[in-house]
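S.K.: Please see the structure below; I have some questions.
The values are calculated or read from the model by the stated rules, or taken from the named source; none is laboratory data. Since this is a predicted model, take the numbers as computed values, not measurements. Here the Cβ is made from the backbone with ideal geometry for all residues, glycine too, and neighbour counts use every protein chain on show. These accessible areas exclude ligands, DNA and RNA; they are computed on the full protein's heavy atoms, side chains included. Shrake-Rupley method; radii C 1.70, N 1.55, O 1.52, S 1.80 Å.
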Amino acid sequence: MAQPNNANAKGYPVRIFVYDLSQGMASLYSQQLLGKQVDGIWHTSVIVYEKEYFYGGGVQSDNPGQTPYGNPVRKIDMGVTTKTQSAFHEFLTGIAPRFSPSKYDLFKHNCNTFADESMLFLTGKTIPEYI
């Protein structure tokens, strides 16, 4: 598999896309309904090698911004990775059994868990805590 051509001298750029699955409704109504402010119901994905990787019905990838989650509300630069795309794909193959559809848990094992583990592999960083 050919490597993407978006590498610079330091590596491949890595970003997190953050989507609000409530499309703003959590921010508007959470205080009245839950008694506390919730700014969003966050879905995250990892953008690297000109692809968007995410956990939804298993580990998936698509062209950035073309996923079923609409438009991201935030795009966060997370630095660069020196890992090759093939090394990342090997990593994804290794974790795929833990990220099957049957392993999904809304609060404990979700898209944010996937993005966090992927980010640790790629950059040694975690996703922002507010997510």
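S.K.: I need the calculated FRET efficiency for the pair K51 and S102, taking r as the beta carbon distance and R₀ as 41 Å, to the nearest 0.05. Walk me through the intermediate numbers first.
M.R.: Values: r = 25 Å, r/R0 = 0.60.
The value I calculate is 0.95.
S.K.: Go through K10/K125; K10/K108; K36/K125; K10/K51 and tell me which ones have a Cα-Cα distance over 27 Å in this structure.
M.R.: K10/K108; K36/K125
S.K.: Run through region 39-101 and list the GluC sites (Glu not before Pro) located in a DSSP loop whose Cβ has at most 15 other Cβ atoms within 10 Å.
M.R.: Numbers: sites: E50, E52, E90; in loops: E50.
Taking region 39-101 and a limit of 15 other Cβ atoms within 10 Å, the loop GluC sites (Glu not before Pro) found are E50.
S.K.: Additional query: In nm, give the distance between the simple-model label positions of H89 and S22, each being 7 Å from the Cα along the Cα-to-Cβ direction.
M.R.: Result: 3.9 nm between the two label points.
S.K.: When the solvent-accessible surface of protein heavy atoms is calculated with a 1.4 angstrom probe, in what order do H43, H89, H109 fall, highest first? Don't skip to the answer; put the middle values down first.
M.R.: Values: H43 5, H89 55, H109 35 Å².
The ordering from most to least exposed comes out as H89, H109, H43.
S.K.: Please compute the net charge surrounding I131, taking Lys and Arg as +1 and Asp and Glu as -1 over other residues with Cβ under 12 Å from its Cβ. Mind dumping the intermediate values first?
M.R.: Details: positive: R74; negative: D20, D39, D116, E129.
Spelling it out: positives minus negatives among the neighbours equals -3.
S.K.: What net charge do the residues around I16 carry, taking every other residue with its C-beta under 9 Å from that of I16, with Lys and Arg at +1 and Asp and Glu at -1?
M.R.: Working: positive: R15, R74, K75; negative: D77.
Within the 9 Å Cβ shell, the charges total +2.
S.K.: By its C-alpha gyration tensor, with a ≥ b ≥ c as the square roots of the eigenvalues, how is the chain shaped: rounded for a/c under 1.5, else prolate for a/b larger than b/c, else oblate? Write out the running numbers ahead of the final one.
M.R.: Working: a/c = 2.16, a/b = 1.67, b/c = 1.29.
Note, shape of the chain comes out prolate.
S.K.: Could I ask something else about it? Once you place label points 7 Å from the Cα toward the Cβ at I41 and Q66, how far apart are they in nm?
M.R.: It is 2.7 nm.
S.K.: Quick one: length gained pulling L34 to K75 fully straight, 0.36 nm per residue minus the C-alpha distance? Can you show the working numbers first?
M.R.: On the way: separation 41, 0.36 × 41 = 14.76 nm, distance 2.78 nm.
Roughly 12.0 nm would be gained on extension.
S.K.: Turning to a different aspect of this structure: When a/c is below 1.5 the answer is rounded, else prolate if a/b is larger than b/c, else oblate, so apply that to region 48-108 with a ≥ b ≥ c taken from the square roots of the Cα gyration tensor eigenvalues. Each step should come with its number before you reach the end.
M.R.: Details: a/c = 1.79, a/b = 1.09, b/c = 1.64.
Here region 48-108 falls in the oblate category.
S.K.: Still on this structure: How big is the charge dipole of the chain about its Cα centre, in debye rounded to the nearest 20, if each Lys and Arg gets +1 on its Cβ and each Asp and Glu gets -1 on its Cβ? Mind dumping the intermediate values first?
M.R.: Working: 11 positive and 11 negative charges, 28 e Å.
My answer is approximately 140 debye.
S.K.: On C-alpha positions alone, give me the angle between the axis of helix 85-95 and the longest principal axis of the chain, in degrees, nearest 10.
M.R.: 50
S.K.: Between G79 and residues 5 or more places away or on another chain, which pairs have amide H atoms under 5 Å apart, with H built 1.01 Å from N, and which residues are they?
M.R.: Distant-sequence amide H within range of G79: V14.
S.K.: Of the options S100, P68, S86, report the single residue whose Cα projects farthest towards the positive end of the charge dipole of the chain (beta-carbon charges: Lys, Arg +1; Asp, Glu -1).
M.R.: S86
S.K.: Got the relative contact order for the chain handy, in percent, Cα pairs under 8 Å and 6 or more residues apart?
M.R.: Numbers: 204 pairs, mean separation 38.1, N = 131.
For the chain, the relative contact order is 29 percent.
S.K.: With a cut-off of at most 13 other beta carbons within 10 Å, and DSSP calling the residue loop, which chymotrypsin sites (Phe, Trp or Tyr not before Pro) in region 67-123 qualify? Please list them. Intermediate values should be presented prior to the final figure.
M.R.: Details: sites: Y69, F88, F91, F99, Y104, F107, F114, F121; in loops: Y69, Y104, F107.
Here the chymotrypsin sites (Phe, Trp or Tyr not before Pro) that fit, given the DSSP loop and packing criteria, are F107.
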